[in-house]
Amino acid sequence: MNAKENLLRVIRHDDPRWVPYGMESVVFFSPPLVTRPRAAGRDAWRVLWEDSHTDTGTYPSHSDQVITDVRAWRDHVIFPDLHALDWSRFPEGWGGEGQPVAFDRIDRREHLLCGVVELSLFERSYLLMGMEQALISYVTETDAVGALLGAIADFNIELIGMLYDKVHPDMIWYGDDWGTQQGLFLPPEIWRRTVGTHTRRVYACIKERGIIINQHTCGKIDAIFEDIVQMGADMWNPCQPCNDLSGMKRRFGGRIAFCGGIDSQFVLDRPGVTPEEVRAEVRKRIDNLAAGGGYIAEPSHAVPYRQEIINAMKDEILTYGREFYARKGMT
């Protein structure tokens, strides 16, 4: 069994042989659309990004919003022209550990191909309006925001359709952050009326093409987790431990795969943390999330770590992640 076959078994809860170390066997690629510029400037939606002058890249400007009145969003938003993009080739993707992969050398027998669709509905709305105005508008102008999200969802559906026609991806990494560490940005009912309604339509577009849905959303999102499962997400990342991960596994473990969970904030990046503590954290997450399949082990956030911490985490995943399924009755 190769890594691709094992990962598919994990996602399908179908007798995997080991807990994967991150998205092994997956090659990621982005469509030829600038959603977040690497340097200061405007993205494809005319949102202005500024240089952070750190290794974190760019951030959206606080002083230049595309939409100043959500009720008049149609007068301000110019959707990128997907047909004007250069779809002729995808020169390079990246592997599960961030290493570059030449697109024309991807062996589909060994690798899953994952298209990245990021900054989608909620994130795109606050990028267009600014965070403060967006949060107010979701509550005070819910119908207008819903109409805006409907148009953005239509755009994403067309984008995913074009990705499918060009390269037939196996998976879509669909990114939209919905929570802080304390809870959702929005009241759950507002989320359901707006973001949830149109995310469901995007999911349907992905599902009808037989593509795996890997939903990325940071923060504490347990208030809507049942919605995500019911809507059809196959995977959820990065599974931050501000959520009750073991409780989620008990309730929904046979219906969705968990990717992440190894505590970045209070373990991996804690000053003075030891390799032994990292190994204990890895074992805890595997014990709580891997029974019956459905767990890919990796950090709960992608930030730089000391090399000895990475080494300890990786070694424990590769060793304990095999021992776990070797035990009688654990698969």
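The values are calculated or read from the model by the stated rules, or taken from the named source; none is laboratory data. If you're wondering where the values come from, they're calculated on a predicted model, not measured in any experiment. Virtual Cβ from ideal backbone geometry, glycine too; neighbours counted across all protein chains shown.
Listing for the model above:
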{"quantity": "Residue 152 vs. criteria in contact (Cβ under 8 Å) with a residue 40 or more places away in the chain and either under 26 Å from residue 68 (Cβ atoms) or part of a strand (DSSP E or B) (or both)", "calculated": "yes"}
{"quantity": "Residues of the stretch 238-272 classified as outside any helix (DSSP H, G or I) and more than 19 Å from residue 309 (Cβ to Cβ), total", "calculated": "10"}
{"quantity": "Inter-residue pairs, beta-carbon under 8 Å, first touching a residue at least 40 places away in the same chain (Cβ under 8 Å) and in the stretch 97-111, second among the hydroxyl-bearing types (Ser, Thr, Tyr) and surrounded by 11 or more Cβ atoms within 10 Å (Cβ to Cβ), 6+ apart", "calculated": "110/25; 111/25"}
{"quantity": "Test result for residue 36, among the charged types (D, E, K, R) and in contact with a Gly (Cβ under 9 Å, 6 or more places away or on another chain)", "calculated": "yes"}
{"quantity": "The stretch 249-267, residues that are crowded, with 17+ Cβ neighbours inside 10 Å, farther than 17 Å from residue 19 by Cβ and in contact with a helix residue (DSSP H, G or I) (Cβ under 7 Å, 6 or more places away or on another chain)", "calculated": "252, 267"}
{"quantity": "Matching entry among 218, 242 (being surrounded by fewer than 21 Cβ atoms within 10 Å (Cβ to Cβ), closer than 16 Å to residue 181 by Cβ and touching an Asp or Glu at 6+ places or on another chain (Cβ under 6 Å))", "calculated": "218"}
{"quantity": "Qualifying residues in the stretch 34-64 (those that are closer than 25 Å to residue 141 by Cα and either aliphatic (A, V, I, L, M) or at pLDDT below 95 (or both)) - the one nearest to the chain's Cα centre (by Cα)", "calculated": "60"}
{"quantity": "Meets criteria (over 18 Å from residue 203 (Cα atoms), buried (at least 20 other Cβ atoms within 10 Å of the Cβ) and either touching a helix residue (DSSP H, G or I) at 6+ places or on another chain (Cβ under 7 Å) or among the aliphatic types (A, V, I, L, M) (or both)) for residue 277", "calculated": "no"}
{"quantity": "Residue match in the stretch 138-154 (condition: of a type outside the set (A, V, I, L, M), within 30 Å of residue 108 (Cα to Cα) and out of contact with any Lys or Arg (no Cβ under 9 Å at 6 or more places or on another chain))", "calculated": "no"}
{"quantity": "Of all residues in the stretch 97-118 being modelled with pLDDT under 95 and among the aliphatic types (A, V, I, L, M), the one that is farthest from residue 21 (Cα to Cα)", "calculated": "102"}
{"quantity": "Pick from the stretch 77-96, criterion of a type in the set (Gly, Ala, Ser) and surrounded by 12 or more Cβ atoms within 10 Å (Cβ to Cβ), ranking: modelled with the lowest pLDDT", "calculated": "96"}
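Per-residue answers, yes or no, for (1) closer than 28 Å to residue 231 by Cβ; (2) touching a residue at least 60 places away in the same chain (Cβ under 8 Å); (3) among the polar types (S, T, N, Q):
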| position | (1), (2), (3) |
| --- | --- |
| 259 | yes, yes, no |
| 266 | no, no, no |
| 271 | no, no, no |
| 276 | no, no, no |
| 289 | yes, no, no |
| 292 | yes, yes, no |
| 312 | no, no, no |
| 316 | no, no, no |
